[in-house]
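Student: Mind having a look at this structure? Questions to follow.
The values are calculated or read from the model by the stated rules, or taken from the named source; none is laboratory data. Quick caveat, the model's predicted, so the values are computed rather than measured. No Cβ is skipped: glycine too gets one built from the backbone with ideal geometry, and neighbour counts run over all protein chains shown. Only protein heavy atoms, including side chains, enter the accessible area calculation; ligands, DNA and RNA are left aside. Shrake-Rupley method; radii C 1.70, N 1.55, O 1.52, S 1.80 Å.
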Amino acid sequence: MVRRIAIVPARGGSKRIPRKNIRDFHGKPMIGYILEAARASGLFDVIHVSTEDDNVRSVAASLGFAPEFARPASLADDHTPIMPVLRYVVETYAGRGVFFDEIWMLMPCAPFIDAGDLQAAAGIVARDGAPQAVLAVAPYPVPIEWAYRREADGRLTPVQPGMFAVRSQDIEPKYFDTGTFAALPAAMVRVAEGAGSDQAFVGHVLPRDKAIDIDDEADWAFAESMYERLNRESE
């Protein structure tokens, strides 16, 4: 039987949106949405909130997800990549005699992800008989081949000159990491160095309205308006 852990990395030091992981989003702390989705999915033996922050820990506990141990402050600065955080959690549980086959990273600011998304991704992890890494992605809204660089004086320089003339339907779709969740075989986490690798992932494609990466106040406001619209449509 596959044993899975969901790790929700939720440090307290967000700069662009202070306290964003526990800030109220339509009536509940932001982190509550992904935690509820994880629980509703029925996939996980353990759901662990990885934080160094007492306030985040208190909010997680109030939602029924009290962390069993804290994240060291040395793994909670602005420059620490996520892989060492995952490895620390996995190794700490291993030191207690608890082991997992799959390590899932669920980002705390992903209010549009639901249990069905996680269950669908779980099917991909085991699809070919051996565990494989799965990353939640979404298609770019326009071809990246049409991208421009913008100089300080406003002048635009095409990244790929001449591609403006190619029709979008003649260009292969490209995908971006949505910043919502990923599923990793345990061995991939154990042997990762530094930030890990961006290779060997299988993509689980999300619709664009679930692929909102909330990094600043404009993103937050857009997510709030999208959430309101989706709720109105479901009524």
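Student: Quick test for you: out of Ile34, Ile103, pick the one residue that is part of a strand (DSSP E or B) and either in contact (Cβ under 8 Å) with a residue 12 or more places away in the chain or in contact with a Gly (Cβ under 6 Å, 6 or more places away or on another chain) (or both).
Tutor: Numbers: Ile34 fails: part of a strand (DSSP E or B).
Answer to the check: Ile103.
Student: I've got another one for you. Give just the number: which of (1) in a loop (DSSP other than H, G, I, E, B); (2) in contact with a helix residue (DSSP H, G or I) (Cβ under 9 Å, 6 or more places away or on another chain); (3) within 24 Å of Phe112 (Cα to Cα); (4) open to solvent by 50 Å² or more (accessible area, probe 1.4 Å) does Pro173 not satisfy?
Tutor: (2)
Student: Then there's this: Please enumerate the residues belonging to the stretch 47-77 that are buried (at least 17 other Cβ atoms within 10 Å of the Cβ) and not in a loop (DSSP other than H, G, I, E, B).
Tutor: Hits for the stretch 47-77 are Ile47, His48, Val49, Ser50, Val56, Arg57, Val59, Ala60, Leu75.
Student: Of all residues in the stretch 176-235, how many are more than 17 Å from Gly116 (Cβ to Cβ), at pLDDT 95 or above and part of a loop (DSSP other than H, G, I, E, B)?
Tutor: The qualifying residues number 0.
Student: Please state which one of Met188, Met163 is crowded, with 16+ Cβ neighbours inside 10 Å, over 16 Å from the mean Cα position of the chain (by Cα), touching a residue at least 12 places away in the same chain (Cβ under 8 Å) and farther than 18 Å from Phe44 by Cα. Break it down into steps so the answer makes sense when it comes.
Tutor: On the way: Met163 fails: crowded, with 16+ Cβ neighbours inside 10 Å.
After applying the criteria, what remains is Met188.
Student: While we're looking at this one, here's another question. Given the conditions (1) out of contact with any strand residue (DSSP E or B) (no Cβ under 9 Å at 6 or more places or on another chain); (2) open to solvent by 80 Å² or more (accessible area, probe 1.4 Å); (3) not charged (D, E, K, R); (4) not in a loop (DSSP other than H, G, I, E, B), report the number of the one that Ala152 does not fulfil.
Tutor: That leaves (4) as the condition not met.
Student: Right, something else. For the stretch 1-31, how many residues meet the condition of being assigned to a loop (DSSP other than H, G, I, E, B), within 18 Å of Val85 (Cβ to Cβ) and touching a Phe, Trp or Tyr at 6+ places or on another chain (Cβ under 6 Å)?
Tutor: 0
Student: Still on this structure, please answer the following. For Met83, state whether it is open to solvent by less than 20 Å² (accessible area, probe 1.4 Å) and either closer than 24 Å to Ala211 by Cβ or in a loop (DSSP other than H, G, I, E, B) (or both).
Tutor: Working: open to solvent by less than 20 Å² (accessible area, probe 1.4 Å): yes; either closer than 24 Å to Ala211 by Cβ or in a loop (DSSP other than H, G, I, E, B) (or both): yes.
Yes, satisfied.
Student: Let me ask something else about it. For Pro143, work out the one condition from (1) over 26 Å from Ile22 (Cβ atoms); (2) open to solvent by 30 Å² or more (accessible area, probe 1.4 Å) it doesn't fulfil.
Tutor: (2)
Student: Turning to a different aspect of this structure: Can you report the number of residues in the stretch 1-46 which are open to solvent by 10 Å² or more (accessible area, probe 1.4 Å) and of a type in the set (Val, Ile, Thr)?
Tutor: 3
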